1. To the nearest 0.05, how large is the calculated FRET efficiency for Val117 and Arg302 if R₀ is 51 Å and r is the Cβ-Cβ distance?
2. For the chain, report the accessible area per residue in Å² (1.4 Å probe, heavy atoms, rounded to an integer).
3. What percent do you get for the relative contact order of the chain when only Cα pairs under 8 Å and 6+ apart count?
4. What number comes out for the charge environment of Gln286, summing +1 per Lys or Arg and -1 per Asp or Glu over other residues with Cβ under 15 Å away?
5. Using a 7 Å offset from the Cα along the Cα-to-Cβ direction at both Lys245 and Ser30, what is the distance between the two label points in nm, to one decimal?
6. Ordered by packing density, taken as the mean number of other Cβ atoms within 10 Å over each peptide's residues, highest first, how do 66-78, 111-123 rank?
7. Hey, what do the phi angles of region 21-35 turn into as Karplus ³J(HN,Hα) couplings, whole Hz, using 6.51/-1.76/1.60 and θ = phi - 60°, x for Gly and Pro?
8. Okay, helix-only estimate at 222 nm for the chain: each DSSP H run of n ≥ 4 adds -39500 (n - 2.57), divide by all residues, round to 500 deg cm²/dmol; what do you get?
Amino acid sequence: MADDATELVVETQHLTKIYQNRQIALNDVSLSIEPGCVLGLLGPNGAGKTTFLRLILGLHRPTAGWAKVFKQTMSPNAADLRRRIGYIPTNPQFPKGMTPIVYLDYIARLFGLPADVRKPRLATLIRAVDLLPHSGDSIAHFTPGMTARLAVAASLINEPDLLIWDEPTHGLDIEARRSMLELIKSLAAEKTLIISSHNLSDVDEVCNHACVLNKGQMIFHGSLQDLKGRIRKNHYELDLDGEQKAITKSVQVIRAMKDVTHAVLRLRRLEVKLGDETPNALVLAQIFQTLADHKITLITVRSVGMQTEQAYLDLVEREESRGFARLYKDVEAA
Ligand SMILES: Nc1ncnc2c1ncn2[C@@H]1O[C@H](COP(=O)(O)OP(=O)(O)OP(=O)(O)O)[C@@H](O)[C@H]1O
């Protein structure tokens, strides 16, 4: 949280969107985004990510709650406020007959940039997104990677401080994706970004915060570090030293422990998984004791799987099973 609430780039309170009086796409989402935050917006299909972004952009009117951008309330009428945001929708489309220069110049004119500002800025942007060799080519012949880079240039033309990009790596090949991630990283030094993505490794690489939506509800908002910290820590790797025979014997004992669900030995590396409800410290202590009893030295212990993808799946899975339990209870009660 910022010490001073006036610093917030985005703030939402009880933000809710119900389409056609029946589809709850976003349900009571309250969060704040500070300057310099690179927020990864995650969630399964239909979770409400695009709806959330469109509400922040003022492209939809909230059914309840509000969104503020740079301390001002966003609404479909707030065109001036919207100009301070660089937006890229999923699968951006451009007029096929135009070249990047003609298109970017057209957008710059829409923003009212005078010619002496327009020209150098266009040149800088085209170079930054690596489209200089194609600046006079027709957009109709652009690859998805080139189209994505043109979208980046267009979203930066008015030098916005807030960038909202909906699935910027969607449909890109490895090379194009890499260049997009590098662009995001370089922009992150000076802008606040909200990036919606299905790709957890992308979020892992470029974001410092995450917001996870599921069925319109926010089930997590915090640092990426916190998200990873939420993972159940029940999977470990132990590097051992000692006689191979003794190691094999100790693993047999460990495997027989009732709270150990999995114990596999590969040479001198032991992988163990503990039961979900297990008090880990206790079982680990038993494992360490067993190793000591067999005169085996424990060189390292690592907690495995501290990956964003795993933490995310864990979170959504737990939320889904809670939802199922609630539904099941309702059915039972009926
Ligand atoms: N204009 C609309 N009218 C009615 N329902 C809509 C509209 N737009 C979205 N929805 C519904 O609202 C819910 C949230 O959709 P949204 O597009 O925000 O999700 P998403 O997380 O962006 O999904 P995806 O990852 O598939 O793009 C979905 O059930 C969707 O069908």
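The values are calculated or read from the model by the stated rules, or taken from the named source; none is laboratory data. Everything numeric here is computed off the predicted structure, so don't read it as measured data. When we count neighbours, we look across all protein chains shown, and the Cβ atoms used for this are built from the backbone with ideal geometry, even at glycine. Areas reflect the complete protein model, heavy atoms only, side chains present, ligands, DNA and RNA absent. Shrake-Rupley method; radii C 1.70, N 1.55, O 1.52, S 1.80 Å.
1. On the way: r = 54 Å, r/R0 = 1.05.
FRET efficiency, Val117 to Arg302: 0.45.
2. Working: 17430 Å² over 334 residues.
Result: 52 Å² per residue.
3. Working: 581 pairs, mean separation 58.3, N = 334.
Across the chain, relative contact order equals 17 percent.
4. Working: positive: Arg255, Lys258, Lys273; negative: Asp259, Asp293.
Spelling it out: positives minus negatives among the neighbours equals +1.
5. Label at Lys245, label at Ser30, 6.7 nm between them.
6. On the way: 66-78: 16.0, 111-123: 13.2.
Packing proxy ranking, top to bottom: 66-78, 111-123.
7. Once rounded to whole Hz, the list reads 6, 9, 8, 7, 8, 9, 10, 6, 9, 10, 7, 10, 10, 8, x.
8. Details: 11 runs with 130 residues, N = 334.
Calculated at 222 nm, the ellipticity per residue is -12000 deg cm²/dmol.
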